[in-house]
Amino acid sequence: MQAFLMFTVILRHYRRIGIFSTGMAALCLSLVAHSGAGISSAGHLVFFALSLVGFAFVALGLYSVKPGQRGILEIAGASGVISTLLLLYLPLTGLFNAVIGIAVFFGVLTSTWFFLHSSISRKIGARTTWRARHSCNIAYPAKLVWKHVVPGATAAEDHCTGMVESYGQDPHDEDTLHIKFKGRRTGRAAYDVTFLEKDAPNFCRFYFEGNEADGTLVDGIFSLSIDVLDRENCTIIANEERSGLSLGALIERWFDDALGFQHDRLLELLDERYGDGAGVTKPLKASEA
């Protein structure tokens, strides 16, 4: 089970792990190469390869301990790459080069972090639309997928995200729901969702607008297509467009593989309630079959 969980983390965060391990390994190699240690080219290659693997495990460890701070991994990795390029133009050797290199790295890291969380980042991001698509086969009936993915199809606590606190029906529009999410350290997200199309359990498309947990105002469109393969299997295709995010949030969502992560959460819920990882193995209600 632990090996499977590790695999899913690597699968969804391969971009994040890749940029972190590559950037940090490149920075370390640059510092060693300029240290005057007299290592051969083959030695440098071996050092880089070992550093690459080592920092990949560091990334996995940091994510497992502080998943909410995962964004620092891609920032550190990118800072490592930038610092390595800058060090190429600094004619320094020995211990002083290492000190300067580390100082440059932390300077770039700090500057990048503040920039991605600045008002400039929000202005740039506000002019950009985040788009994502995810498709896969699921060994569960279409009705179960619909029930746990589509807002309002079941109780709030049964939604696949595990973060929905409540649904509220709009008194003036039967196609609109008011959704509140559970609180986080940075705040509480809330959206108004208006269905543009709905054909259970095969297709839906809805418009959403509201605020993220950090207070950012966003809007977008989400669509879900479910193709019934047989009584116990289906194919899903999810598409999302979201506007209003900051540049930092856009980058983090790309590294998150956000829709792929939600797919993992959906499978965890379905396996826990209805099966054992290989489809339905527990009794279903008549409405769920």
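The values are calculated or read from the model by the stated rules, or taken from the named source; none is laboratory data. Predicted model, so just to flag it, every value in this text is computed and none were measured. Cβ atoms come from the backbone with ideal geometry, glycine included; neighbour counts cover every protein chain shown. For accessibility, only protein heavy atoms count, side chains too; no ligands or nucleic acids. Shrake-Rupley method; radii C 1.70, N 1.55, O 1.52, S 1.80 Å.
Residue-wise test of (1) touching a residue at least 40 places away in the same chain (Cβ under 8 Å); (2) farther than 27 Å from Gly71 by Cα.
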{"position": "Asn211", "(1), (2)": "no, no"}
{"position": "Leu217", "(1), (2)": "no, no"}
{"position": "Leu224", "(1), (2)": "yes, yes"}
{"position": "Ile251", "(1), (2)": "yes, no"}
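Could you check region 103-208 for strands (runs of 3 or more DSSP E) lying wholly inside it with 3 or more residues that are under 30 Å from Gly23 (Cβ atoms)?
Values: elements: 129-138, 164-169, 176-181, 190-199.
Strands (runs of 3 or more DSSP E) meeting the threshold: 129-138.
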Assess whether Ile138 counts as being open to solvent by less than 80 Å² (accessible area, probe 1.4 Å) and either in contact with a Leu (Cβ under 6 Å, 6 or more places away or on another chain) or charged (D, E, K, R) (or both).
-> no
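State yes or no: is Leu60 modelled with pLDDT of 90 or more, part of a helix (DSSP H, G or I) and open to solvent by less than 70 Å² (accessible area, probe 1.4 Å)?
Numbers: modelled with pLDDT of 90 or more: no; part of a helix (DSSP H, G or I): yes; open to solvent by less than 70 Å² (accessible area, probe 1.4 Å): yes.
It is false that Leu60 is modelled with pLDDT of 90 or more, part of a helix (DSSP H, G or I) and open to solvent by less than 70 Å² (accessible area, probe 1.4 Å).
Test Ser119 against the stated conditions and say whether it is farther than 25 Å from Ile10 by Cα, of a type outside the set (Asp, Glu) and either out of contact with any strand residue (DSSP E or B) (no Cβ under 9 Å at 6 or more places or on another chain) or surrounded by 16 or more Cβ atoms within 10 Å (Cβ to Cβ) (or both). Walk me through how you get there before you give the answer.
Values: farther than 25 Å from Ile10 by Cα: yes; of a type outside the set (Asp, Glu): yes; either out of contact with any strand residue (DSSP E or B) (no Cβ under 9 Å at 6 or more places or on another chain) or surrounded by 16 or more Cβ atoms within 10 Å (Cβ to Cβ) (or both): yes.
Yes.
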Pairs returned, first residue in region 39-53 that is of a type in the set (Phe, Trp, Tyr), second residue that is open to solvent by less than 80 Å² (accessible area, probe 1.4 Å) and part of a loop (DSSP other than H, G, I, E, B), beta-carbon separation under 9 angstrom, 6 or more apart or interchain, are Phe47/Ile39
In region 156-195, residues that are among the small types (Gly, Ala, Ser) and open to solvent by less than 30 Å² (accessible area, probe 1.4 Å) total 4
Reported set for region 26-53 where residues are surrounded by fewer than 17 Cβ atoms within 10 Å (Cβ to Cβ), closer than 19 Å to Arg15 by Cα and touching a Ser or Thr at 6+ places or on another chain (Cβ under 8 Å) is Val53
Cys204 meets each of (1) buried (at least 16 other Cβ atoms within 10 Å of the Cβ); (2) more than 20 Å from the chain's Cα centre (by Cα); (3) within 25 Å of Pro67 (Cβ to Cβ) with one exception, condition (3)
- Query: Based on what the data block shows, is Arg131 modelled with pLDDT of 90 or more, open to solvent by 40 Å² or more (accessible area, probe 1.4 Å) and out of contact with any Ser or Thr (no Cβ under 6 Å at 6 or more places or on another chain)?
  - Reply: yes
Here the residues within region 236-280 that are basic (Lys, Arg) and touching a Cys at 6+ places or on another chain (Cβ under 7 Å) are Arg265
Checked pairs for region 115-136, first polar (S, T, N, Q), second at pLDDT below 90, C-beta under 7 Å and 6 or more apart or across chains, list as Ser121/Ser246; Ser121/Leu247; Ser121/Gly248; Thr128/Leu250
Within region 104-114, residues open to solvent by less than 80 Å² (accessible area, probe 1.4 Å), more than 15 Å from His34 (Cα to Cα) and free of Cβ contacts under 8 Å to residues at least 24 places away in the same chain come out as Gly107, Thr110, Ser111
Of the residues in region 214-240, those that are open to solvent by 20 Å² or more (accessible area, probe 1.4 Å), more than 16 Å from Cys136 (Cβ to Cβ) and under 22 Å from the mean Cα position of the chain (by Cα) number 7
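At negative phi and in contact (Cβ under 8 Å) with a residue 60 or more places away in the chain, is that true of Ile236? First the steps, then the outcome.
On the way: at negative phi: yes; in contact (Cβ under 8 Å) with a residue 60 or more places away in the chain: yes.
Yes.
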